[in-house]
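Structure, as structure tokens:
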Amino acid sequence: MGLVIAVANQKGGVGKTTTAVNLAAALALEKRRTLLVDFDSQGSASSGVGVASAETPTVYDVLIGAVGASEALRHTDLAELDILPANRDLAGAEVELVSMDRRERQLGDRLRPIVGGYEFVIIDCPPSLGMLTLNALCCADAVLVPLQCEFYALEGLSALLNTLERVRQAYNPNLRLLGILLTMFDARTSLSRQIAEQVRAHFGREVFESVVPRNVRLGESPSHGVPVLLYDPTSKGAESYRLLAKELLNQLLTDDERGVSAGGRGEEAGVR
């Protein structure tokens, strides 16, 4: 089965979709078969890989059982990367899921037939802790948390980690914290440096060594419908996500060699 990673943070504007799109692209460029699930009704991850929001079916149709997941898959410009796209229809799922049986497990149930065809499944969660994010966390093996290097983003981190702990206790005991990714880092400002130092001091090795800098190319690439790794492969933004993918692969290899299970590493990471 593929490793399912939820890219989550209840705060918007922290680089969540940018991370989901470009990490998925970087893994695909490493010849790892990867599925990107756009689980945000804004559909930004979909447009970020060149899938128009008007195209149907989408992950919404999969979620309500109108079509199977394989019918909604779209190929991208990268041979090893597919996407389950989203559009504004997904916003209605927050209400529709409430009346369903196993409402918190609908996404996992729908993805199960196709997950085995991928090494990685990256879920771009909405900027909230509602029913959609709960579905993503219930079917995920691990959570990657993008953290913008600013004070207010740091404030919300403890609330998110508390939520992960509650989800683990109530629904998904194997859910683990994959790592915290520092984003929008600007080495020229003392605030970015202070936030980075505080996060590393408090969370230690739970913080990825890779850091995503503020980079113009990262902001430009979505308007061209391609990940930054295709838009400008030599940019600092592209390089940061290549390094993140390599760090992630090395981390998973190390865990495998040590025989650390998903749940076991979760306890190491402090998400109990």
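The values are calculated or read from the model by the stated rules, or taken from the named source; none is laboratory data. Keep in mind that what you see is a predicted model, and the values were worked out from it rather than measured. All Cβ positions, glycine included, derive from the backbone under ideal geometry; neighbour counts span all protein chains shown. Accessible surface is based on the protein model in full, side chains and every heavy atom, while ligands, DNA and RNA are left aside. Shrake-Rupley method; radii C 1.70, N 1.55, O 1.52, S 1.80 Å.
Tabulated values for the structure
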| read-out | value |
| --- | --- |
| Given (1) open to solvent by less than 40 Å² (accessible area, probe 1.4 Å); (2) touching a residue at least 12 places away in the same chain (Cβ under 8 Å); (3) aliphatic (A, V, I, L, M), index of the condition residue 54 fails | (1) |
| Condition broken by residue 22, with the remaining ones in (1) open to solvent by 20 Å² or more (accessible area, probe 1.4 Å); (2) closer than 22 Å to residue 245 by Cα; (3) polar (S, T, N, Q) satisfied | (1) |
| From the options 140, 72, 91, 86, residue that is at pLDDT 95 or above, closer than 27 Å to residue 225 by Cα and over 15 Å from the mean Cα position of the chain (by Cα) | 72 |
| Subset tally (residues that are touching a strand residue (DSSP E or B) at 6+ places or on another chain (Cβ under 6 Å) and open to solvent by less than 30 Å² (accessible area, probe 1.4 Å)) for the range 184-212 | 6 |
| Flag for residue 128 being of a type in the set (Ser, Thr, Tyr) and within 15 Å of the chain's Cα centre (by Cα) | yes |
| Near pairs, Cβ below 8 angstrom, 6+ apart or cross-chain, from the range 190-219 (closer than 15 Å to residue 19 by Cβ) to any residue that is open to solvent by less than 90 Å² (accessible area, probe 1.4 Å) and modelled with pLDDT under 90 | 213/187 |
| Within the range 94-109, considering residues that are basic (Lys, Arg) and more than 18 Å from the chain's Cα centre (by Cα), the one most open to solvent (accessible area, probe 1.4 Å) | 102 |
| Residues located in the range 201-222, provided they are hydrophobic (A, V, I, L, M, F, W, C), under 22 Å from residue 142 (Cβ atoms) and in a helix (DSSP H, G or I) | 203 |
| Top-ranked residue of the range 1-16 - restricted to ones that are in contact with a Pro (Cβ under 8 Å, 6 or more places away or on another chain) and outside any loop (DSSP other than H, G, I, E, B), ranked as surrounded by the most Cβ atoms within 10 Å (Cβ to Cβ) | 7 |
| Test: residue in the range 176-187 that is closer than 20 Å to residue 44 by Cβ, touching a residue at least 40 places away in the same chain (Cβ under 8 Å), assigned to a loop (DSSP other than H, G, I, E, B) and not small (Gly, Ala, Ser) | no |
| Within the range 223-272, helices (runs of 4 or more DSSP H) holding 1 or more residues that are modelled with pLDDT under 95 and more than 16 Å from the chain's Cα centre (by Cα) | 236-258, 262-269 |
| The range 144-163, residues that are crowded, with 21+ Cβ neighbours inside 10 Å and in contact with a Gly (Cβ under 9 Å, 6 or more places away or on another chain) | 144, 145, 146, 147, 148, 153 |
| Hits in the range 62-82 (condition: over 20 Å from residue 221 (Cα atoms) and surrounded by fewer than 19 Cβ atoms within 10 Å (Cβ to Cβ)) | 64, 65, 66, 67, 68, 70, 71, 73 |
| Residue that is open to solvent by 40 Å² or more (accessible area, probe 1.4 Å) and touching a Lys or Arg at 6+ places or on another chain (Cβ under 9 Å), where the choices are 242, 217 | 217 |
| Sole exception among (1) at negative phi; (2) touching a residue at least 24 places away in the same chain (Cβ under 8 Å); (3) of a type outside the set (Ser, Thr, Tyr) for residue 15, by number | (1) |
| Every residue from the range 25-42 that is touching a Leu at 6+ places or on another chain (Cβ under 8 Å), closer than 24 Å to residue 131 by Cα and either assigned to a loop (DSSP other than H, G, I, E, B) or open to solvent by 60 Å² or more (accessible area, probe 1.4 Å) (or both) | 39, 40, 41 |
